[in-house]
Amino acid sequence: MRRLLAFITIAMLALAANAQQSPTDTDAVRSKLTMRGYKAFYDVNYLFTIYPSDTDTGNSLGFSTSHGFQFNNHLYFGGGIGFNSFFCDGTTRLVVPIFGELRCNFLNRRTTPFVCGRYGYGFGSLVLGMRLALKNNHSLTAGVEYSVQLDIGDNDYSQTNIGFRLGYEF
């Protein structure tokens, strides 16, 4: 009888100890969530020309999309295409960069800082920003962008820009 009472007491203590661990514990839930898999980014940006500083060179308005693979909650690699309108010398020039993108989220939290580098032929961009996670692995991003657009042709329309970028990720 004593053995039966000891067994029942130990079993009840084990059940009580197990009940104390909540399935909504943020660390346990966070460790199970992953962003691994296909990702798509859609961004709009507005850039101010900082070089050359001529009064005739203007700013840029652009849209870009990038598609690739998220390896874990921190590292993404993909490729994309952009459409940038450069307003300079009283004309508008459309530039279509094709680029590779490497993105790194620093924290495994709902709101995290990130860095994003985009590089292609005659084009380079670096974005530092914040990512706000939404439901179903979607998120909103906002950041400060530094970009260089080189004109490889006969005319020298090379520009260095700084501005902001807003995006949506799914």
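The values are calculated or read from the model by the stated rules, or taken from the named source; none is laboratory data. This is a predicted model, so every value here is computed, not measured. We place every Cβ from the backbone using ideal geometry, glycine too, and count neighbours over all the protein chains shown. Ligands, DNA and RNA are stripped out before the accessible areas are found, and what is left, the full protein with its side chains, is counted by its heavy atoms. Shrake-Rupley method; radii C 1.70, N 1.55, O 1.52, S 1.80 Å.
Some observations on this one:
- Taking a Cβ cut-off of under 11 Å around residue 71, the surrounding Lys, Arg, Asp and Glu residues balance to a net charge of +3, with basic ones at +1 and acidic ones at -1.
- Accessible surface for region 65-130, divided over its residues, is 50 Å² per residue with a 1.4 Å probe.
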